[in-house]
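A quick write-up on the structure given underneath.
We did not get these values from a lab; they are worked out from the coordinates using the rules stated. If you're wondering where the values come from, they're calculated on a predicted model, not measured in any experiment. Note that each Cβ is placed from the backbone with ideal geometry, even for glycine, and that neighbours are counted across all protein chains shown.
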Amino acid sequence: MTARLRTIAGALTLALGLAIAGTLLVHVWMPALDWVQAWLLAITVVTFLTYGYDKLVAGSGAMRVPERVLLTLAFAGGTVGALLGMRLFHHKISKESFLQRFWLTVALQIVLIAGWYLVLRLR
């Protein structure tokens with residue numbers, strides 16, 4: 001495995017592990033939320049913090065968060081956290097290649113959610 005793949009795998013494992021732990025904590029602290037709502041809240045917070053961390057270390061020589069990880073977190077349900085992180089931290093807002101992939105991710109999410117809703121509605 002190359003160093004780049006190890007970095008991606010490590011960052012993704014850390015971020016998703018934090019989101020899973022956060023989901024469990026949210027579900028314990030707020031039992032009125034179902035598991036999907038708890039996941040969405042946790043992944044949103046983790047995604048927001050990850051975008052903030054990446055912006056903080058940009059240009060410092062510290063290890064950055066790979067773009068694939070940022071996009072995967074957004075796709076996993078952290079779209080709101082990604083949008084807030086991009087807006088508040090002014091992170092990745094002028095990198096056209098990233099923005100294209102980000103909005104493609106959002107469009108894919110919309111299609112998947114609409115399809116899921118239609119399937120459930122037809123039952």
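Looking at V65, V26, V46, just one residue is among the β-branched types (V, I, T), surrounded by 19 or more Cβ atoms within 10 Å (Cβ to Cβ) and not in a helix (DSSP H, G or I), and that residue is V65.
From G59, G17, which residue is under 17 Å from K95 (Cβ atoms), loosely packed, with under 13 Cβ neighbours inside 10 Å and free of Cβ contacts under 8 Å to residues at least 12 places away in the same chain?
From the options G59, G17, the qualifying one is G59.
Scanning segment 7-59 for residues that are among the charged types (D, E, K, R) and farther than 12 Å from V69 by Cα gives D34, K55.
Counting the residues of segment 29-41 that are part of a helix (DSSP H, G or I) and either without any contact (Cβ under 8 Å) to a residue 24 or more places away in the chain or among the charged types (D, E, K, R) (or both) gives 6.
Within segment 73-87, can one find any residue that is farther than 24 Å from G17 by Cβ, surrounded by 10 or more Cβ atoms within 10 Å (Cβ to Cβ) and not β-branched (V, I, T)?
yes
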